[in-house]
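What follows is calculated from the coordinates using simple rules that are stated; it is not laboratory data. If you're wondering where the values come from, they're calculated on a predicted model, not measured in any experiment. Neighbour counts run over all protein chains shown; Cβ positions are idealised from the backbone, glycine included.
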Amino acid sequence: MDKWQSENWSVNFHPLRKVLNSLSVSEMGHLAESLLILEELRERVTSPSESVGGPIDVAIITKTEGLIWLKRKHFFDPELNVKYLNRVKMDYT
């Protein structure tokens with residue numbers, strides 16, 4: 001490893017790794033969402049393409065609780081599908 005790369009690791013990577021080790025599971029989920037948003041911005045500014053963008057679903061998976069949604073987009077506008085939502089509510093009551 002050359003001097004620049006070694007310094008880069010000690011200045012950037014190691015402190016970030018310490019922070020990641022101290023984050024809760026939900027904070028890691030929010031961090032992942034933030035990284036995707038930053039990537040979307042970088043992509044939009046530097047070389048516009050359709051590789052990253054749009055609404056983001058955020059879920060975490062743990063051994064004890066399984067899949068947990070932190071943020072989930074709707075596949076349709078709930079205001080335009082009131083009858084469906086009322087039917088679903090009736091099924092679960």
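Annotated for region 3-91: lysine pairs at least 8 residues apart or interchain, Cα distance under 23 Å, count 6. Going from the fewest other Cβ atoms within 10 Å to the most, the residues Ile60, Ile37 appear in the order Ile37, Ile60.
Counting Lys +1, Arg +1, Asp -1, Glu -1, what net charge surrounds Ala32 among other residues with beta carbon under 15 Å of its beta carbon? Don't skip to the answer; put the middle values down first.
Values: positive: Lys71, Arg72; negative: Glu27, Glu33, Glu39, Glu40, Asp57.
Local net charge: -3.
Arranged from fewest to most other beta-carbon atoms within 10 Å of their beta carbon, Glu65, Glu33 become Glu65, Glu33. Counted residue by residue at 0.36 nm each, then reduced by the alpha carbon distance between them, the extension gain from Leu20 to Asn81 reaches 17.9 nm. Once you divide the Cα radius of gyration of region 3-91 by 2.2 N^0.38 Å, the number left is 1.58.
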